[in-house]
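Participant: Structure in structure tokens, see below.
Readers should treat all values here as calculations from the given coordinates under stated rules, not as data from a laboratory. All figures in this text were calculated on a predicted structure; none of them were measured in a lab. Positions of Cβ are backbone-derived with ideal geometry, glycine not excepted, and every protein chain shown enters the neighbour counts.
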Protein chains: 2
Amino acid sequence: MGRPPDPARREATLARATDYVLAHGLAGLSLRPLAAALGTSPRMLLYDFGSKQELVSAVLAEARRRGATRLAENLPPEAGSPEERLRGIWAWISAPERAPYVRLIFEVHADGLARPENYPDRAEAITNWFDTLGATFRDIATTPDDTVTPTLVMAVIRGLLFDLTTTGDRHRTDRALDRFCELLR
Amino acid sequence: MGRPPDPARREATLARATDYVLAHGLAGLSLRPLAAALGTSPRMLLYDFGSKQELVSAVLAEARRRGATRLAENLPPEAGSPEERLRGIWAWISAPERAPYVRLIFEVHADGLARPENYPDRAEAITNWFDTLGATFRDIATTPDDTVTPTLVMAVIRGLLFDLTTTGDRHRTDRALDRFCELLR
DNA sequence: CTATTATTGAAACAGTCGTACCATATATTG
DNA sequence: CAATATATGGTACGACTGTTTCAATAATAG
């Protein structure tokens, strides 16, 4: 007896809260403006998520989920040479449409350096990428369980993203990726 | 006539505030705890620096100055092969003693993505590194004004620092740098 | 209907934040 | 000494924070 719970509301709120965080960033996130933008109240956010920290965790998990889905959609591992695949990854991740995700990645990383206790599984996100990239670049790996090649590829991508988001110099960063591709041959 | 100003106080405060920021990070920086740790008061911090934002700018400038000095001290550009120099840079910047600086770099970068208006010269920091690294790797540059090689080298270093600070896996990141050195030959 | 459970609004609490105001102390010059 | 400029302490303001408390509403079951 009694009124039945509505689990769909929490999910809908989570989806729209993730949109909001991607648009506005994590740094200055505050419950009242978030609730106002979502047409709800801080009261309801806490009712559904328990605390701000848990809400943030849920949002980050959702953002990760979305990113992984988009990546999987746009990167069929069987297409073309390793070089073409690397260029494809770079073109995709460095596109302006991915800027909100890229910013969130760097924001979470920086926040994790300041407050590691909030990110008990921060190494896991890296490991997940390796599984994907390890498979994508299996043919240039030196051994079947080579983690060094994906580490280097990821480092180049993240380092160039750092540069691009700081300087906005797309031409120079694109050419640096060209240079890396040449080295890989 | 009148009591003479004491410019040394501001400098001493700036030096110790920089120590504090390097130790505690930029993210949650607050005037009251900072002043307490420095044995002064928020009142005096604002008296000397005008506003928190100006204090932060001064601290970041000081931290940059220190980093540049340390880098110049530890990296004579004339020593050894390019590969040895790259390994030297990596060994130096990835050492645990540099962790506060590395964290600050990533914190400032992330903050700049969220609030670009606070960092009118954010591209400049990158450019400065290029002057240093461009000189350090002049012999592997393709042309005298080659900016692509330093861009790639810096990207690898920053990308591996991102990885190392997230996973703490020094062995894997070290080996990824080895791999990059092989590619450069 | 009543009982029960979920949902939601309004307000307040306890704290932090950067900063401004006002008075006072201190050190110097004439 | 008085006059003057710098250096400080104390305090409070207004805005914000996450969270809690209290009450009211809504929807279902019996």
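Participant: Within region B:21-60, track down each residue that is aromatic (Phe, Trp, Tyr) and either within 14 Å of chain A (Cβ to nearest Cβ) or near DNA strand D (Cβ under 8 Å from one of its atoms) (or both).
Facilitator: B:47
Participant: Does residue B:108 satisfy the criteria of being away from DNA strand D (no atom under 16 Å from the Cβ), β-branched (Val, Ile, Thr), assigned to a helix (DSSP H, G or I) and within 13 Å of chain A (Cβ to nearest Cβ)? Outline the logic, then answer.
Facilitator: Working: away from DNA strand D (no atom under 16 Å from the Cβ): yes; β-branched (Val, Ile, Thr): yes; assigned to a helix (DSSP H, G or I): yes; within 13 Å of chain A (Cβ to nearest Cβ): yes.
So residue B:108 fits the description; yes.
Participant: Follow-up question, since we're still on this one. Take residue A:91 and tell me if it is over 23 Å from residue B:116 (Cα atoms), within 15 Å of the chain's Cα centre (by Cα) and more than 16 Å from DNA strand C (Cβ to nearest atom).
Facilitator: Against the criterion (over 23 Å from residue B:116 (Cα atoms), within 15 Å of the chain's Cα centre (by Cα) and more than 16 Å from DNA strand C (Cβ to nearest atom)), residue A:91 does not qualify.
Participant: Going through region A:5-25 one residue at a time, which ones are assigned to a loop (DSSP other than H, G, I, E, B) and within 14 Å of DNA strand C (Cβ to nearest atom)?
Facilitator: A:5, A:6 - these are the residues of region A:5-25 that are assigned to a loop (DSSP other than H, G, I, E, B) and within 14 Å of DNA strand C (Cβ to nearest atom).
Participant: Return yes when residue A:3 is free of Cβ contacts under 8 Å to residues at least 12 places away in the same chain and within 12 Å of DNA strand D (Cβ to nearest atom) and no when it is not. First the steps, then the outcome.
Facilitator: On the way: free of Cβ contacts under 8 Å to residues at least 12 places away in the same chain: yes; within 12 Å of DNA strand D (Cβ to nearest atom): yes.
When the stated conditions are applied, residue A:3 passes them.
Participant: Need at least 2 residues that are facing another protein chain (nearest Cβ under 9 Å) and closer than 21 Å to residue B:152 by Cβ per element, so show me which helices (runs of 4 or more DSSP H) inside region A:114-185 make the cut, counting only ones lying wholly within it.
Facilitator: A:148-167, A:170-184
Participant: For region A:71-87, check the following and say yes or no: at least one residue is surrounded by 12 or more Cβ atoms within 10 Å (Cβ to Cβ), assigned to a helix (DSSP H, G or I) and within 16 Å of DNA strand D (Cβ to nearest atom).
Facilitator: no
Participant: Could you list, in sequence order, the residues of region A:26-70 that are more than 12 Å from DNA strand C (Cβ to nearest atom), of a type in the set (Gly, Ala, Ser) and part of a loop (DSSP other than H, G, I, E, B)?
Facilitator: Listed by number, the residues that qualify are A:27, A:28, A:50, A:51.
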